[in-house]
Amino acid sequence: MNRDVDRELAIETRDLTKIYGSGNTEVVAMRNASMKVSVGEVVALLGPSGSGKSTFLTAVGLINPPTSGQVYIRGQLVLDGSTAHTNLRAFRRRHIGFVFQKSNLIPFLTAIENVQIAIELNGESSRAARRKAMELLDDLGVGDRAENRPSMLSGGQQQRVAVARALANNPSVILADEPTAALDSERGRQVMELFCQVAHEHGAGVIVVTHDHRALDVFDTTYEMEDGRMSPPTHTV
Ligand SMILES: Nc1ncnc2c1ncn2[C@@H]1O[C@H](COP(=O)(O)OP(=O)(O)OP(=O)(O)O)[C@@H](O)[C@H]1O
């Protein structure tokens, strides 16, 4: 990626601070955390347990607002401290895709239905949604498992379906919390590589919280949190 060009930003956070509790129980979980993620950039977020990664990710995901600081998505100010500048639920559904540690697929729906339903919820016709869902499953190498329920799929295949679902509505932003934690290192790497490839192709800004230092070369940029503070970015050459 050519970083000399001022690319369009998918995500920008400015000085995010989060304080839980008050008085004796006050915890400053995040201090002035700033990050810029361009369209098509895939970022790894590292840090020890309790360093504030989930607090940061859930603030960017508009789930757990910061105490102060701003979140911009595609240049639009969405959160200023705990003040919402848009309808957060609607904005989240349209612009943000989530991938969790476990795939969280709906057990009684097939792989394709799990992806299709996410597209239909955003107002697509069932036919168009099914076609798009199939394309995504094919992209992620699980098209041949489209008619299987999650219990018939391996952990890696389930996670690929979950990634397809996160990409379903062409989100500007994808947030993943240890998406490969339940997989062995080889399968974890495969899922991460595919995830990055598809995110690049779809032009989303992606932040992945990971503990796996072995797969860092698949990311464009790495940040590290420690004691609530965000490091400057390290770019992969
Ligand atoms: N709801 C809460 N109330 C009070 N303190 C909290 C709350 N959530 C998190 N914390 C505290 O904030 C700090 C940062 O937690 P956070 O979960 O963001 O860290 P993390 O880096 O994601 O950790 P892990 O890797 O273990 O998930 C920790 O000290 C944690 O105990």
Inset, instruction - Would you check if there is a residue in segment 91-103 being in contact with a Ser or Thr (Cβ under 9 Å, 6 or more places away or on another chain), over 25 Å from residue 71 (Cα atoms) and surrounded by fewer than 21 Cβ atoms within 10 Å (Cβ to Cβ)? - result: no
Inset, instruction - For residue 181, state whether it is within 24 Å of residue 41 (Cα to Cα) and assigned to a helix (DSSP H, G or I). - result: no
Inset, instruction - For residues that are outside any loop (DSSP other than H, G, I, E, B) and charged (D, E, K, R), scanning just segment 208-237, find the one that is farthest from the ligand (Cβ to nearest atom). - result: 217
Inset, instruction - Might you check whether a residue that is over 24 Å from residue 179 (Cα atoms) and either more than 20 Å from the chain's Cα centre (by Cα) or in contact (Cβ under 8 Å) with a residue 40 or more places away in the chain (or both) occurs anywhere in segment 54-67? - result: yes
Inset, instruction - Looking only at segment 129-145, count how many residues are aliphatic (A, V, I, L, M) and outside any helix (DSSP H, G or I). - result: 2
Legend entry - Flag for residue 227 being modelled with pLDDT under 95 and not small (Gly, Ala, Ser): no
Inset, instruction - Tell me which residues, restricted to segment 191-207, are in contact with a Gly (Cβ under 8 Å, 6 or more places away or on another chain), part of a helix (DSSP H, G or I) and buried (at least 17 other Cβ atoms within 10 Å of the Cβ). - result: 191, 194, 199
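The values are calculated or read from the model by the stated rules, or taken from the named source; none is laboratory data. These numbers come from a predicted model, not from an experiment. Glycine also receives a Cβ, built like all others from the backbone with ideal geometry; neighbour counts cover every protein chain displayed.
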